[in-house]
Amino acid sequence: MSDDPFVAHRSLLFTVAYEMLGSAADAEDVVQETWLRWAGVDQAQVRDPRSYLVKIVTRQALNRLRSVSRRREEYVGEWLPEPLLTSPDVAQDIELAESVSIAMLTVLETLGPAERAVFVLREVFETPYDEIAEVVGKTAGAVRQIARRARGHVAARRPRMQVDRAEQQAAVEKFMTAISSGDVRSLVQVLAPDVVMITDGGGVVAAARKPIAGARKVLAYLARAAQVPDFAATGAWFNGMPGARIHVDGAPAAVSLVVEDGLITRIYAVRNPDKLGRLDTVAELRR
């Protein structure tokens, strides 16, 4: 490990920024801004470099979040987080995998900037309340209240995820086999009756502008996509969860799946090419 605390904690700082922003590109910019600020301080006077760097990166992410929130209000269709290619090892840390999943990041988008910062720092990185208070400019008591509200908000909206990795993988493999072969009957068997599919094309490529709800409608959508002559699907791990790379009409898509009780309950398909630039490099995510 490097003697430079910034280098040693860079993966952690990226993870914090990414969980705050849902965008790897924005997270990288924030990490770079953090490095510039770190380079300008008297590092010998910093007693806890890790904590200090997390404070800087969170503040920078908060500033960025307030500006990108306005941009996302004008986004064409559904906005989904930028998917990251991850190794299966990320799934070993169940809490980390769930916190960086596309499903969780989508829920975090419904929080205000300060609520999101408090939730991420407290629930994911177990940061003490007094340190969070310094970051967001509020009292520790206020931060506790924000954390309680944010937990309730997230709990009411987060999909329940399959913890058993083998069952999760089995459901995804059934999905892959069925969609690749056009086996509608097998596809029906792996979709939950109330499955929801969200697609993000960003107005750049074809995608459903609103969530598709219910197994019948999702099945019809997937069946149409699978009939395209050059359709292809291969397995991949995105954001700590098993998923698939799919090519439709020569354009790639990153598909992340949520499995509950052996059935797929959520399908997130990112087709916006601006969000698919990191699918060939494994992201280093750390707590």
Can you name the residue in the stretch 202-215 that is in contact with a helix residue (DSSP H, G or I) (Cβ under 9 Å, 6 or more places away or on another chain) and at pLDDT 95 or above and is also nearest to LEU187 (Cα to Cα) among such residues?
-> ALA215
Within the stretch 1-22, track down each residue that is open to solvent by less than 30 Å² (accessible area, probe 1.4 Å) and of a type in the set (Gly, Ala, Ser).
-> ALA8, SER11, ALA17, GLY22
So, in the stretch 153-189, of the ones that are within 27 Å of PRO273 (Cα to Cα) and part of a loop (DSSP other than H, G, I, E, B), which residue ends up modelled with the highest pLDDT?
-> ARG158
Quick check: anything in the stretch 90-101 at pLDDT below 95 and on the phi > 0 side of the Ramachandran plot?
-> no
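Yes or no, residue by residue, for (1) open to solvent by less than 30 Å² (accessible area, probe 1.4 Å); (2) among the hydroxyl-bearing types (Ser, Thr, Tyr); (3) out of contact with any Asp or Glu (no Cβ under 7 Å at 6 or more places or on another chain):
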position: GLU73; (1), (2), (3): no, no, yes
position: GLN92; (1), (2), (3): no, no, yes
position: SER99; (1), (2), (3): yes, yes, no
position: ALA103; (1), (2), (3): yes, no, yes
position: THR106; (1), (2), (3): no, yes, yes
position: LEU121; (1), (2), (3): yes, no, yes
position: ASP130; (1), (2), (3): no, no, yes
position: ALA133; (1), (2), (3): yes, no, yes
Pairs, please: C-beta under 7 Å, at least 6 apart or cross-chain, first residue under 20 Å from VAL54 (Cβ atoms) and in the stretch 130-155, second β-branched (Val, Ile, Thr) and open to solvent by 40 Å² or more (accessible area, probe 1.4 Å)?
-> ALA133/THR139
Condition met for LYS217 (more than 28 Å from ARG278 (Cβ to Cβ) and basic (Lys, Arg)) | yes
Pick out the one residue from ALA192, ALA233, ALA254, ALA207 that is touching a strand residue (DSSP E or B) at 6+ places or on another chain (Cβ under 6 Å), part of a loop (DSSP other than H, G, I, E, B) and surrounded by 18 or more Cβ atoms within 10 Å (Cβ to Cβ).
-> ALA207
Would you check which residues across the stretch 104-139 are at pLDDT 95 or above and small (Gly, Ala, Ser) and list them?
-> ALA117, ALA133
If you check every pair at least six apart or on different chains, which have Cβ atoms under 6 Å apart with a residue in the stretch 256-280 that is in contact (Cβ under 8 Å) with a residue 12 or more places away in the chain first and a residue that is of a type in the set (D, E, K, R) and part of a loop (DSSP other than H, G, I, E, B) second?
-> GLU260/ARG160; LYS275/GLU82
Just one of the numbered conditions (1) within 19 Å of LEU285 (Cα to Cα); (2) within 14 Å of the chain's Cα centre (by Cα); (3) open to solvent by 20 Å² or more (accessible area, probe 1.4 Å); (4) acidic (Asp, Glu) is not true of GLU82; which one?
-> (3)
Could you tell me which residue of the stretch 23-62 is farthest from LEU13 (Cα to Cα), considering only residues that are open to solvent by less than 40 Å² (accessible area, probe 1.4 Å) and more than 26 Å from the chain's Cα centre (by Cα)?
-> VAL46
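Mind telling me which of the residues GLY240, GLY201 ends up being touching a residue at least 60 places away in the same chain (Cβ under 8 Å), surrounded by 20 or more Cβ atoms within 10 Å (Cβ to Cβ), out of contact with any strand residue (DSSP E or B) (no Cβ under 7 Å at 6 or more places or on another chain) and farther than 20 Å from ARG165 by Cβ? Talk me through it step by step, then tell me what you get.
Details: GLY240 fails: farther than 20 Å from ARG165 by Cβ.
It is GLY201.
The values are calculated or read from the model by the stated rules, or taken from the named source; none is laboratory data. Only a predicted model underlies this, so the values are computations on that prediction, with no experimental measurement involved. Every residue, glycine among them, receives a Cβ derived from its backbone with ideal geometry; neighbour counts consider all protein chains shown. Heavy atoms of the whole protein, side chains included, go into the accessibility calculation; ligands, DNA and RNA do not. Shrake-Rupley method; radii C 1.70, N 1.55, O 1.52, S 1.80 Å.
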